[in-house]
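Everything on this sheet refers to the single structure shown next.
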Amino acid sequence: MGRKINRRDFVKGSAAAALGFWVAGRSAWGEESVSSTDKLSLACIGTADQAESDRKALVESGLVNIVALCDVDDNYLGKAGEMFPKAQKYNDFRKMLEQKDIDGVLVATPDHTHAVATAMALKLGKHVYCEKPLTHTVKEARTITELAAKYKRVTQMGTQIHGGANYRRVVELVKSGAIGPVSEVHVWCGKGWWADKPPKEAQPVPSTLSYDLWVGPAPFHPYNAAYLPASWRRYWAYGDGTLGDMACHYGDLPFWALDLAHPTKVRAHGPEVSPDCCPEWLIVDWEFPARGELPPVKLSWYDGGKRPEKFEQWGLNPQ
């Protein structure tokens, strides 16, 4: 009980669990400064857009040193490298993860590479903060869960809004019984990640892009600018559509506030299923059983412009 531990040991162990709070702008050490030798040595897979936002929040926490950067696009990698000149730079995360001084890894890539990058990092004994959705498939999620337990590493999925004061306040109000028992929830999103058909034309690969590495574990499709840097979310090979992009944020609130877990029934309605492209719209219903004194709940999701039947009757903002 009397054994002392230094800050470095604490950061590498229990404080690794605070990654999500760091991204939300919270510091486990308050205003106290942390020496560079006591900081977590962090590697980043992905350097632009959400990856850049995550990295900025982590650096501003004062608790990490960026020791390695990886991106398949040399333009993005070069820009990030200018900010962290001492960090090693890679195009292939498999090579990067073999770097010996890495304590933790930030994974902020397209959905289809989340699981493979996370799995390799866990097997090499590194803690992982992975952007949402945690994986591309349910099977991958189960595999990552098992690996985290097997290798005893700390993991966190990037749902930064979970740390916001507005969400926490709503959860507090619902759990207090301020609005009474809840048996029906409607969640909608105005986004629309979809396509009517995949691109057929093979275009020249930009000289700065390692396209084979970007495709990674997905079925190979010839390069087309329709896929990247952002529109990959429209195609099943790389993304999960609007539901996969946003439901983890918007659905987080009812799951949290109502203590939801495993549904007993799931029904989805949408356009004719495409083997290649994510749908223009979806309506999904989940049914959850009673939880102690809490009643059963029907949770419904709407995207692509769809809304609940009683939407106008409720007098809500159409946005």
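The values are calculated or read from the model by the stated rules, or taken from the named source; none is laboratory data. For clarity, every value in this text was computed on a predicted model and none was experimentally measured. Cβ sites come from the backbone with ideal geometry, for glycine too, and all protein chains shown count toward neighbours. Side chains are part of the model used for accessible areas, which takes the heavy atoms of the whole protein and leaves out ligands, DNA and RNA. Shrake-Rupley method; radii C 1.70, N 1.55, O 1.52, S 1.80 Å.
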Original post:
Scanning region 122-146 for residues that are farther than 28 Å from TYR250 by Cβ and among the hydrophobic types (A, V, I, L, M, F, W, C), which turns out farthest from the chain's Cα centre (by Cα)?
Top reply: LEU124
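Okay, residues lined up against (1) of a type outside the set (D, E, K, R); (2) without any contact (Cβ under 8 Å) to a residue 12 or more places away in the chain:
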{"residue": "ALA257", "(1), (2)": "yes, no"}
{"residue": "ALA261", "(1), (2)": "yes, no"}
{"residue": "LYS265", "(1), (2)": "no, no"}
{"residue": "TRP286", "(1), (2)": "yes, no"}
{"residue": "PRO296", "(1), (2)": "yes, no"}
{"residue": "LEU299", "(1), (2)": "yes, no"}
{"residue": "LYS306", "(1), (2)": "no, no"}
{"residue": "LYS310", "(1), (2)": "no, yes"}
{"residue": "GLY315", "(1), (2)": "yes, yes"}
**OP:** Taking only region 77-91 into account, find how many residues are open to solvent by 20 Å² or more (accessible area, probe 1.4 Å) and either at pLDDT below 95 or touching a strand residue (DSSP E or B) at 6+ places or on another chain (Cβ under 9 Å) (or both).
**Re:** 8
Subject >> Selection count where residues are open to solvent by less than 70 Å² (accessible area, probe 1.4 Å), closer than 30 Å to THR109 by Cβ and part of a loop (DSSP other than H, G, I, E, B), scope region 139-184 >> reply: 3
Original post:
Would region 232-250 turn up any residue that is at pLDDT 95 or above, open to solvent by 40 Å² or more (accessible area, probe 1.4 Å) and touching a Ser or Thr at 6+ places or on another chain (Cβ under 9 Å)?
Top reply: yes
Original post:
From LYS100, LYS95, LYS126, which residue is open to solvent by 40 Å² or more (accessible area, probe 1.4 Å), more than 25 Å from TYR211 (Cα to Cα) and out of contact with any Ser or Thr (no Cβ under 7 Å at 6 or more places or on another chain)?
Top reply: LYS100
Original post:
(1) outside any strand (DSSP E or B); (2) surrounded by 17 or more Cβ atoms within 10 Å (Cβ to Cβ): which one isn't true of LEU69, the others all being true?
Top reply: (1)
Subject >> Yes/no for TRP214 being out of contact with any strand residue (DSSP E or B) (no Cβ under 9 Å at 6 or more places or on another chain), of a type outside the set (Asp, Glu), surrounded by 12 or more Cβ atoms within 10 Å (Cβ to Cβ) and in contact (Cβ under 8 Å) with a residue 60 or more places away in the chain >> reply: no
**OP:** Determine the pairs where a residue that is closer than 17 Å to ARG55 by Cβ and without any contact (Cβ under 8 Å) to a residue 40 or more places away in the chain, located within region 107-133, has a partner that is open to solvent by 20 Å² or more (accessible area, probe 1.4 Å) and part of a strand (DSSP E or B) with Cβ atoms under 6 Å apart, the partner being 6 or more residues away or on another chain.
**Re:** VAL128/THR155; CYS130/MET157
Original post:
What is the one condition in (1) open to solvent by less than 20 Å² (accessible area, probe 1.4 Å); (2) assigned to a helix (DSSP H, G or I); (3) farther than 23 Å from GLY46 by Cβ that VAL187 does not satisfy?
Top reply: (2)
Subject >> Cβ pairs under 7 Å, 6+ apart, first in region 72-88 and touching a residue at least 60 places away in the same chain (Cβ under 8 Å), second among the charged types (D, E, K, R) >> reply: none
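What residue, of ASP101, ASP54, is in a helix (DSSP H, G or I), more than 23 Å from PRO219 (Cα to Cα) and in contact (Cβ under 8 Å) with a residue 12 or more places away in the chain?
On the way: ASP101 fails: in a helix (DSSP H, G or I).
Answer to the selection: ASP54.
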